[in-house]
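Presented below is the structure to which this report refers.
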Amino acid sequence: MNDEGYRQVLQGLRIEHRDLDDAIAALTAQQVPDQLQIARLKRRKLALKDRIGRIEDEITPDIIA
């Protein structure tokens with residue numbers, strides 16, 4: 001995959017990450033929050049963050065000091 005393809009995937013992942021933030025906030029604001037669902041969303045959000053980091057590493061060239 002070329003850099004442009006990675007950037008498009010990265011943009012989609014960042015949007016999904018923000019959406020999960022909103023979903024977690026909405027669930028937390030409920031009078032009786034569903035802790036299991038919140039935990040699942042947080043795990044998904046963390047997995048997305050890791051994937052975003054790996055893609056960013058692919059795009060950013062290594063700098064030899």
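Note on the chain: helix-only mean residue ellipticity at 222 nm, from DSSP H runs of 4+ residues weighted -39500 (n - 2.57) and normalised by residue number, equals -28500 deg cm²/dmol.
Only one residue of 1, 60, 20 has its Cα farthest out toward the positive end of the dipole of the chain, where Lys and Arg carry +1 and Asp and Glu -1 on Cβ, and that residue is 20. Relative to the longest principal axis of the Cα atoms of the chain, the long axis of helix 35-59 makes an angle of roughly 10 degrees.
Taken about its Cα centre, the chain carries a charge dipole of about 360 debye when Lys and Arg each add +1 at the Cβ and Asp and Glu each add -1 at the Cβ.
The accessible surface of the chain, taken with every protein chain in place and a 1.4 Å probe, is 51 percent carbon and sulfur. Sorted largest first, the principal axis extents computed over the alpha-carbon atoms of the chain equal 51, 24, 15 Å. In the full protein context, the chain carries 80 Å² of accessible surface per residue, based on a 1.4 Å probe and ignoring ligands, DNA and RNA. The value of relative contact order for the chain, using C-alpha pairs under 8 Å at least six residues apart, is 44 percent.
The values are calculated or read from the model by the stated rules, or taken from the named source; none is laboratory data. All of these numbers come straight from a predicted model, not from anything done at the bench. A quick note on method: Cβ atoms are made from the backbone with ideal geometry, for glycine too, and the neighbour counts reach across all protein chains shown. These area figures cover heavy atoms from the full protein model, side chains too; ligands, DNA and RNA do not enter into them. Shrake-Rupley method; radii C 1.70, N 1.55, O 1.52, S 1.80 Å.
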